[in-house]
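Read-outs: derived from the displayed coordinates by stated rules, not from any lab. Remember, it's a predicted structure, so these values are computed and weren't measured experimentally. Cβ atoms come from the backbone with ideal geometry, glycine included; neighbour counts cover every protein chain shown.
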Amino acid sequence: MAKAETIILDRTGINRALTRIAHEILERNKGVEELVLVGIRTGGDHLAAQLAQRIAEIEGVQIPLGAVDVTMYRDDLGSRGSLPMGKTDIPFPLDGRQVVLVDDVLYTGRTIRAAMDALIDIGRPRTIQLAVLIDRGHRELPIRPDYIGRNVPTSREEKIQVDFDEQQAPVEVSLVKP
Amino acid sequence: MSFRHKHILGTEQLSREDIELILDTADSFKEINSREIKKVPTLRGKTIINLFYEASTRTRTSFEIAGKRLSADTINISASASSVVKGETLEDTAKNLQAMAPDIIVMRHSASGAPHYLAKRLDCSVINAGDGAHEHPSQALLDMLTMRQVKGRIEGLKVAIIGDIAHSRVARSNLYALTRMGATVRLAGPGTMIPPGIERLGAEVHTDINEAIRDADVIIMLRIQLERQGKTLLPTLREYARFYGLNPQNLKLAKDDAIVMHPGPMNRGVEISSFVADGPQNVILDQVENGVAVRMALLYLVAGGEQAEK
């Protein structure tokens, strides 16, 4: 069966969205004090690095960057079987920090719930905010992003694919129809 | 790639990809062991029974901690305090445990093949924590995790395993796994302690410890199991220490950055001199630390793999 693919965002579009999110983060948090970025593996961590770079360009401050792997916190080990596990790497204390959690695509919200559980096991952040590149709807949990690159209404059968280049920079977001 | 094994009975059944997946997963679990709150909810609601028919502190505690850090309920049964002393057979013990619906049984037994026997009769996953002189897969895997951590690779390493090869499940599990990963394995020990035909499994066999140690990257010293063979295979312990013990002199034959491993518990002054056991090249406590991470990986992978097979 042939798959139809529609490009939703190209490199320029993604860059524009990330720059806007970086400004929104700074505005909402009134600067970079206590601000940290944590990307969800894999995809979110690359986007978090991009956001950190933009924030550094705007404010001239390198904010701490971490990555979280949520495999151990998933609620579907029984139905999906064991998945390969990535590394959680948060090289700074989370206590009292304003954490911006970064992911590429927001769908059911279960990954975000797992990521929040993971962060809370590591420390006690003051706030957890959520930034996503694409919000495709179909939430199964009461989770709402604070920063959104683009809203893309989808059907459950469709897939959103975010491609990265070898330097882990986002290249393209496409909608794949079955 | 997903893990397709319901049981871990030995390293003989594990492919190179399986071993890499286990080591990578263990690497990720190491991070949890350095946290302030060393617990993740991954195996919440699962029941693990540690069924130990032989004395063990290190392995049993390591499996118990591994299970608890993954939020599973772990129960320890040791044979000396169970119905085994009342004469219950393994078959009956198995049936009774089955009725309590555990998810994973971790088993140590003095008879080779006992975990295989259990695995055939029970619905749950079985992990071999050492069966007789057969296999001790989790030990070999934690040895490899330690080697990979220090040396950055396993392929191409020269690994010398010294001691009572015939009675050693650690040697056998390491031999299968290391050769599969592309390392060279040299075995050395007195002729009475080398099983005939072991070279067919891909090992170089020496009776002179110096030949095995020369240029080695890793030296694994095995414990002389005084409780197993008594005095039949050795003239005296002093003679053994003199010819097959690792000391600062013969250690010089190995590469300068060679590491010394021991599965524990050590007989100081027999297979390993205290100078070496406490020296800068030993990674014995790293092995123990890595043991928890490897056992967490095994529990995690069989817990998912069990479902994947259905």
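Structure data summary
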item	result
Qualifying lysines (Cα of each under 23 Å from Cα of B:K95; at least 8 residues distant if same chain)	B:K6, B:K46, B:K86, B:K120, B:K310
Environment charge at B:I284 (Cβ cut-off 15 Å; Lys +1, Arg +1, Asp -1, Glu -1)	-2
Kirkwood Rh and Cα Rg combined as Rg/Rh, the stretch B:168-217	0.93
Gain on full stretching of the segment that runs from B:N96 to B:D278 - 0.36 nm per residue minus C-alpha separation	61.0 nm
At q = 0.09, 0.10, 0.11, 0.19 Å⁻¹, base-10 log of I(q)/I(0) for the stretch A:39-178 (Debye sum, equal scatterers on each alpha carbon)	-0.27, -0.34, -0.41, -1.27
Relative contact order computed over chain B (Cα-Cα under 8 Å; 6+ residues apart), in percent	22 percent
Around B:R180: net Lys/Arg minus Asp/Glu count, Cβ-Cβ under 11 Å	-4
Cβ-based exposure ranking for B:R238, A:R136, in which fewest neighbours within 10 Å come first	B:R238, A:R136
Evaluated over the stretch A:18-108, the Cα radius of gyration and Dmax, each in Å	14.4, 46
Computed P(r) (all Cα pairs; chain B; 10 Å bins; percent)	6, 28, 34, 23, 8, 0
Chain B: calculated mean residue ellipticity at 222 nm from DSSP helix runs of at least 4, using -39500 (n - 2.57)	-12000 deg cm²/dmol
Cβ-placed point charges (K, R +1; D, E -1), dipole of the protein assembly as shown about Cα centre in debye, nearest 20	820 debye
Per residue, the convex hull volume that the Cα atoms of the protein assembly as shown enclose (Å³)	177 Å³
Convex hull (Cα only) mean projected area of the stretch B:172-310, reported in nm² to one decimal	10.3 nm²
Neighbourhood charge, 14 Å Cβ-Cβ cut-off, centred on A:I55 and excluding it, Lys, Arg +1 and Asp, Glu -1	-2
Ranked list, fewest to most other Cβ atoms within 10 Å of each Cβ, for B:D257, A:D135, A:D89	B:D257, A:D89, A:D135
Loop GluC sites (Glu not before Pro), the stretch B:21-82 (other Cβ atoms within 10 Å of the site Cβ: 16 or fewer; DSSP)	B:E36
Charge dipole of the stretch B:1-120 about the Cα centre (unit charges at C-beta), most positive-ward option of B:I37, B:S15, B:T57	B:I37
Likely footprinting exposure, A:T6, A:T88, fewest C-beta neighbours within 10 Å first	A:T6, A:T88
Part-to-part distance (alpha-carbon centres) for the stretch A:105-178 and the stretch A:1-80, which is given in Å	9 Å
Value of [θ]222 nm, deg cm²/dmol, for chain A, DSSP H segments ≥ 4, -39500 (n - 2.57) each, nearest 500	-9000 deg cm²/dmol
Size of charge dipole - the stretch B:102-146 - debye, nearest 20, with Cβ of Lys, Arg +1 and Asp, Glu -1, no other charges	140 debye
Point-charge dipole on Cβ atoms (K/R +1, D/E -1) for the stretch B:25-82, about Cα centre, debye to 20	160 debye
Reach of B:K151 by Cα under 21 Å, taken over lysines that are not fewer than 8 positions away in the same chain	A:K87, B:K30, B:K252, B:K255
